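The values are calculated or read from the model by the stated rules, or taken from the named source; none is laboratory data. Quick caveat, the model's predicted, so the values are computed rather than measured. Backbone-built Cβ (ideal geometry, glycine too); neighbour counts: all protein chains shown.
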Amino acid sequence: MTDALDWKAAYDALLRTFPTHRARPVVGITGNFGDRGCELAEGYFRSVLEAGGVPLVIPPYGDTEALLATLDRIDGLLLSGGGDINPLCLGEEPSPALHSINPRRDVPELLLTRLAYDRQIPILGICRGIQVLAAALGGRLHQDIAEGLPDVKLIKHNQDLPREYASHSVRLQEGSLVGRIFGNAESLAVNSFHHQSVSEPGPHLRVSATAPDGVVEAVESSEHKPILGVQWHPECFVLRGDGAQMPIFRWMVDEARAYRETVRLHNRILTLDSHCDTPMFSDKGTAFNHRDPQLLVDLHKMTEGHLDASIMVAYLPQGVRNEAAYQAVARQTERLLDYIQWLTESNRKFIGLATTPNDLYRLKRKGRKALMMGIENGYAIGRDLSLIGHFRQRGVVYMTLCHNGDNDICDSARGSQEHGGLSPFGREVVREMNRVGMMVDLSHGAESSFWDALEESRTPIVCSHSSCRALCDHPRNLTDEQMRALARKGGVMQVTLYNGFLRTDGQATVMDAVRHILHAVDVMGIEHVGIGTDFDGDGGVPGVASASELLNLTRLLRREGFMPDQLRLLWGENFLRVMRQVQVKI
């Protein structure tokens, strides 16, 4: 760096340098607010610079449109230290032990943090920042440590010594993110200057470090996301030239870089979720153009997760099989397809209805999301083959032959093996689907139905939302033998995010979904695997719990070594290849 006064020399040097600065991720740092307005301690931006990032100070303001625009331009968020949080923002009355608060910061920072979380932006909270992080994500705080822990023999947490010196130690939880950042250390020497602390981390975070008295010193994501909060001030050590705390800033900048590259990848490729049950909520008073808490897929969440397209299905639970029931279920199918069309027509500025792969790419180029239509359960056609052509003319791209129960077409994985696979009528159904250009979907089908359909179909078949039986022994999942046979015939298996199809014991997470994708690719090859979430049909697990979190799945797949061209295949191109082959037959 040139002398601070010699700006012309700096300008001349830049003219002779290739502009590589664009590769550096931008880390937004929340500014404090004091007597002179917005201010920021030097250690924060110096630490980000030394770690390879570009610091951008975010003043405390309440303009929500400006906050959203800021989030569009940063790759990471650093919540800086400062005064305590006003308990009124957390639905509490102030305690007599409460210390000084900074009301100008609270609402903007809580809002900014929650919005950044929704967008999967990496977050690092420091001192006050850990408390903002916990409060914004559903946790709770001690307004004052001594008052909140009256029966605990506390160490001194509000120190008088200079901030660049360690005042006490913290114990790091084994296997924690913060432990890994510091080389799997068991403890760290840190400084401490606070009155408030985290009392409960909430549903999205877990405690990862504590002081000797049990006070929470670090929290991190419990959902495999790049989120970390520490109660100490690592930037003070960095400012005095002590590099012991630099790993935390290098982690922040590395995650910001990974986020930036992941977003850029999603901007370049088409991302398609092959199975979504949102139309099941058509009569629940939901609003697709809002961030609706009842829905896992809506326009807000598709935008936050950078999801371009979703195949929404008309789901028909298996019922009785007689003429009256067939007429009723056909009417219900029409209503659900009408609903999908209505979703697109009522939000046509932002979304369009697609029936071919070319439609999807056209809509993406125009900056609009896309919906396709599918049918889940061949019960929808009863015994009327002509309905297949009718539904295809309406734009339906695939039909799942059955659901949970045998029907007139085939046996279900949850059925009684009525036909021993496809029925004679079922073979006619497959041939008619081939003729009209509708994809044959064998998710939910019994293994016998799978083999029969694979033999009968003249075009590749798909499993729009299934996972690997080798990792989760469930009859809905495919065996390795089935997966290899499906690949040999040119078909595709779309790994689903339903908890019970990812693991048989305990709560599955996004890492289980990654394991199933890795196994499927190993068995079938990268050209035959995709993603079908089953969102709004009980799909979704911590770490990829809605469409807004699909970016996190891509981030973790990139960490496993998947390259952009491979991710393009996983995120839809494999499925669309089969769709093109099938639709040629129209």
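For the reader, a short list of remarks on this structure follows.
- Filter result for Ser208 (without any contact (Cβ under 8 Å) to a residue 40 or more places away in the chain, crowded, with 16+ Cβ neighbours inside 10 Å and out of contact with any Asp or Glu (no Cβ under 6 Å at 6 or more places or on another chain)): no
Residue by residue, here is whether (1) surrounded by fewer than 24 Cβ atoms within 10 Å (Cβ to Cβ); (2) modelled with pLDDT under 95; (3) at negative phi holds:
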{"site": "Val492", "(1), (2), (3)": "no, no, yes"}
{"site": "Leu497", "(1), (2), (3)": "no, no, yes"}
{"site": "Gly506", "(1), (2), (3)": "yes, yes, no"}
{"site": "Val541", "(1), (2), (3)": "yes, no, yes"}
{"site": "Leu553", "(1), (2), (3)": "no, no, yes"}
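- Any chance Leu553 is over 12 Å from the mean Cα position of the chain (by Cα), not in a strand (DSSP E or B) and not acidic (Asp, Glu): no
- Residue in the stretch 458-478 that is free of Cβ contacts under 8 Å to residues at least 24 places away in the same chain and of a type in the set (Asp, Glu) present: no
- Considering residues of the stretch 62-80 that are touching a helix residue (DSSP H, G or I) at 6+ places or on another chain (Cβ under 6 Å) and at pLDDT below 95 only, the residue surrounded by the most Cβ atoms within 10 Å (Cβ to Cβ): Leu67
- Which numbered condition Asp536 fails, given (1) modelled with pLDDT under 95; (2) under 20 Å from Asp298 (Cβ atoms): (1)
- Residue within the stretch 238-247 that is outside the structural domain of Arg348 (by TED's automatic domain parsing), touching a Gly at 6+ places or on another chain (Cβ under 8 Å) and more than 30 Å from Ile101 (Cβ to Cβ) present: yes
- Between Ala446, Ala413, the distinction of being more than 12 Å from Leu385 (Cα to Cα) and in contact with a helix residue (DSSP H, G or I) (Cβ under 8 Å, 6 or more places away or on another chain) belongs to Ala413 only.
Results for (1) modelled with pLDDT of 95 or more; (2) farther than 26 Å from Arg250 by Cα, shown as yes or no for each residue.
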site	(1), (2)
Ala135	yes, no
Glu147	no, yes
Pro150	no, yes
Leu172	yes, no
Val178	yes, no
Ser192	no, no
His195	no, yes
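- Scan of the stretch 45-94 for residues that are touching a residue at least 40 places away in the same chain (Cβ under 8 Å), in a loop (DSSP other than H, G, I, E, B) and small (Gly, Ala, Ser), ordered by number: Ala51, Gly52, Gly53, Gly62, Ser80, Gly81, Gly82, Gly83
- Some residue of the stretch 258-270 being more than 24 Å from Val492 (Cβ to Cβ), at pLDDT 95 or above and of a type in the set (A, V, I, L, M, F, W, C): yes
- Subset of the stretch 95-141 that is assigned to a strand (DSSP E or B) and in contact (Cβ under 8 Å) with a residue 40 or more places away in the chain - its residue that is surrounded by the fewest Cβ atoms within 10 Å (Cβ to Cβ): Arg140
- Residue within the stretch 512-532 that is of a type in the set (Gly, Ala, Ser), in contact with a strand residue (DSSP E or B) (Cβ under 7 Å, 6 or more places away or on another chain) and touching a residue at least 60 places away in the same chain (Cβ under 8 Å) present: yes
- Hits in the stretch 61-79 - residues which are more than 22 Å from Pro234 (Cα to Cα) and of a type in the set (D, E, K, R): Asp63, Glu65, Asp72, Arg73
Conditions (1) within 16 Å of Val27 (Cα to Cα); (2) in contact with a strand residue (DSSP E or B) (Cβ under 7 Å, 6 or more places away or on another chain), marked per residue:
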| residue | (1), (2) |
| --- | --- |
| Gly52 | yes, no |
| Asp75 | yes, yes |
| Leu78 | yes, yes |
| Pro87 | no, no |
| Ala134 | no, yes |
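- Only one of the listed residues (Asp298, Asp254, Asp273) is closer than 30 Å to Ile227 by Cα and touching a His at 6+ places or on another chain (Cβ under 9 Å). That residue is Asp298.
- Condition check for Asn377: in contact with a Ser or Thr (Cβ under 7 Å, 6 or more places away or on another chain) and either crowded, with 17+ Cβ neighbours inside 10 Å or farther than 16 Å from Asp277 by Cβ (or both): yes
- Index of the failed condition, Phe562 passing every other in (1) closer than 24 Å to Arg414 by Cα; (2) under 18 Å from the mean Cα position of the chain (by Cα); (3) part of a loop (DSSP other than H, G, I, E, B): (1)
- Restricting the stretch 22-44 to residues that are part of a helix (DSSP H, G or I) and touching a helix residue (DSSP H, G or I) at 6+ places or on another chain (Cβ under 9 Å), the residue that is farthest from Ile101 (Cα to Cα): Ala23
- The stretch 467-524, subset small (Gly, Ala, Ser) and part of a loop (DSSP other than H, G, I, E, B), residue farthest from Gly540 (Cα to Cα): Gly490
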